[in-house]
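Here is the structure we will look at, set down as structure tokens.
The values are calculated or read from the model by the stated rules, or taken from the named source; none is laboratory data. Bear in mind that the values here come from a model prediction, so they are computed numbers and not experimental data. Here the Cβ positions follow ideal geometry from the backbone for every residue, glycine too, while neighbour counts run over all protein chains shown.
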Amino acid sequence: MKKIFQGFKIKISFDALIFKLKSIIECMKKITLFLFCEFMVLLFGATLNAQNASPTLQRCMAATPTAEWDAMFNQLVEITKQQHLDERSKSTNYVIPVIFHVIYGTQAIGQYPNLSQAQINSQIQVLNDDYAGTGYNTNKYVNVNGHLPFYDYAVAYSLPSPDNAGVVIANTGISFILATKDQSGTLLAEPGIDRISYSSFGWADPASFTNLSNFKNYMDATVKPSTIWDPTLFFNVWVSDCNSQVSILGYSTFPNGTSLSGLSGGGSGSAQATTDGCWIYAKACGNTGSLDPTYNKGRTLTHESGHYFGLRHVWGDGTCATDYCNDIPKAQQANYVKISGGSSSTLAAYPYNAGTCPTGTYNNSTDGEMFMNFMDYSDDAAMWMFTHDQVTRMVTALNQSPDRSNLTNSAATMTTGVDRVSFDNSINVFPNPVKNNQINITVNLPYSTNLSISLQNIVGQEVYSNAAVSVAHQTLSCNLPALPNGIYMLVLTGSNHEKIVKKIVVE
Ligand SMILES: [Zn+2]
């Protein structure tokens, strides 16, 4: 297995380098093109802003999955559809506990790259907004001729509802919460943050590596295996500085699904357990702090986490190749699109690149390419959506991948692994979304327990708490303070340390 993996790693690096060269050439072509495009009528009210395209950061170097992985995962997607798990996702809470391993040298907290809690909090907020379909610039996805974008496409390919009248921005039903405890159940000093000083470990500065292959090898062979938290319980995210000659924004592993060997992107065996998760560049983390001006909306982790849940790039990593999502038109290649400013050379317009993949089903002749999808390579401000077929793939990973399916359960305990089956199944919270600042908790337990109730915002701050003694069969009514709209976590703990976390929406 090791041999296959080693061989694979060499392939990744080579592909990534070739890809980088291609994108530089493409970028140069687009600078020329741009001069002729200034008079284009632009949708989205984008302002014309002639700006030299500087060498851009490469958005992503997640390994392109093998045909073997594709076949395996697509099989699981079919099972998901047959079992209607994707439809159930509308009412299911998928709460993902996240731990950020912040890699730094000797800097004080808050000094780059030892990112502040505020910057990490901003990244969690971006993830939650983007996965809810309400993130930055979603208001630019507007009707054209009385229809949603991709209307003709939706009609031509008979897309099912809700996409039959144009492709809508999906609410994935997935939300993210900063881990509040470490692997042994100890309360974290800073929610969701594990600070790792490379100098105290005697490791090299991540920014000292000047080529991609060596950088990735350092991350995957040294940093990740020494710092990873149980990847079946936590979504691991590593954040570090990176040399300008490496200039990548992030990469991710793909979900495992079988015991097949040689699966790409951290598929099998020990490689999976020691490297699973995402790495992102510290200057592309969140939307506050010291950030690259083009990648300052926190979309790097939105994109990489898409891979983490099984999504492919919208162009299928080939010329007009498939990403297995029928509600996304084929794309010829990666798009580098901006809304205004930024370092990309092409301004957003709709339809964009229509006719670049003119043949076969799901072609883009009428409505062009979906540059605004998180799984393209556009600037942060020019990407803002997942689609429903992408949600089906994510739900597949969350239900059927052995290393993703327990994440939501672990949000309940964070770590302890206590058997909470009867506890989980015996507690119901309503109404959700909350109405009139009141929630009711119905308990129907086969035993009696003391219940502690804590409502926390997504960065782990408690906004309400209460307790009830000897609860078995009853409904508890809680009068909440007036709360800002958003997602909250209701943490219910029993006297035997049983714990359950329910996602609560205030709107
Ligand atoms: Zn990617």
>> Where the second residue is acidic (Asp, Glu) and the first is in a loop (DSSP other than H, G, I, E, B) and lies in region 340-352, which pairs have Cβ atoms under 6 Å and are six or more apart or on separate chains?
In response: Gly342/Asp379; Ser344/Asp379; Pro351/Asp367
>> Show the residue pairs meeting these rules: Cβ distance below 6 Å; 6+ apart or different chains; first residue within region 288-308 and over 21 Å from Gln117 (Cα atoms); second residue away from the ligand (no atom under 16 Å from the Cβ) and not β-branched (Val, Ile, Thr).
In response: Thr294/Gly342; Thr294/Ser343
> Among (1) within 16 Å of Phe100 (Cβ to Cβ); (2) in contact with a Leu (Cβ under 9 Å, 6 or more places away or on another chain); (3) without any contact (Cβ under 8 Å) to a residue 60 or more places away in the chain, where does Lys224 come up short?
Replying inline: (2)
> Any idea how many residues of region 92-135 are part of a loop (DSSP other than H, G, I, E, B) and either surrounded by fewer than 18 Cβ atoms within 10 Å (Cβ to Cβ) or in contact with a strand residue (DSSP E or B) (Cβ under 9 Å, 6 or more places away or on another chain) (or both)?
Replying inline: 16
>> Within region 308-329, take every residue that is surrounded by fewer than 24 Cβ atoms within 10 Å (Cβ to Cβ) and within 10 Å of the ligand (Cβ to nearest atom) and give me the one that is nearest to Val237 (Cα to Cα).
In response: His313
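Mind listing just one residue for me: the one in region 296-307 that is part of a loop (DSSP other than H, G, I, E, B) and within 15 Å of the chain's Cα centre (by Cα) and, of those, surrounded by the most Cβ atoms within 10 Å (Cβ to Cβ)?
Gly298
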>> Please count how many residues of region 287-307 are within 12 Å of the ligand (Cβ to nearest atom) and farther than 17 Å from Ala382 by Cα.
In response: 2
> If you go through region 349-367 one residue at a time, do you hit one that is within 22 Å of Gln390 (Cα to Cα), under 25 Å from the mean Cα position of the chain (by Cα) and of a type outside the set (Ser, Thr, Tyr)?
Replying inline: no
> Counting only residues that are within 16 Å of the ligand (Cβ to nearest atom) and not in a loop (DSSP other than H, G, I, E, B), which one in region 353-391 is surrounded by the fewest Cβ atoms within 10 Å (Cβ to Cβ)?
Replying inline: Met385
>> Here is a check on your reading of the model: is Ala284 more than 18 Å from the chain's Cα centre (by Cα) and within 14 Å of the ligand (Cβ to nearest atom)?
In response: no
> Identify, please: which residue in region 159-217 is touching a strand residue (DSSP E or B) at 6+ places or on another chain (Cβ under 8 Å) and of a type in the set (D, E, K, R) and is, among those, surrounded by the fewest Cβ atoms within 10 Å (Cβ to Cβ)?
Replying inline: Arg195
> Among strands (runs of 3 or more DSSP E) lying entirely in region 392-507, which contain 2 or more residues that are at pLDDT below 80?
Replying inline: 438-457, 462-479, 499-506
> From the list Ala334, Ala348, which residue is more than 13 Å from the ligand (Cβ to nearest atom) and over 27 Å from Phe234 (Cβ atoms)?
Replying inline: Ala348
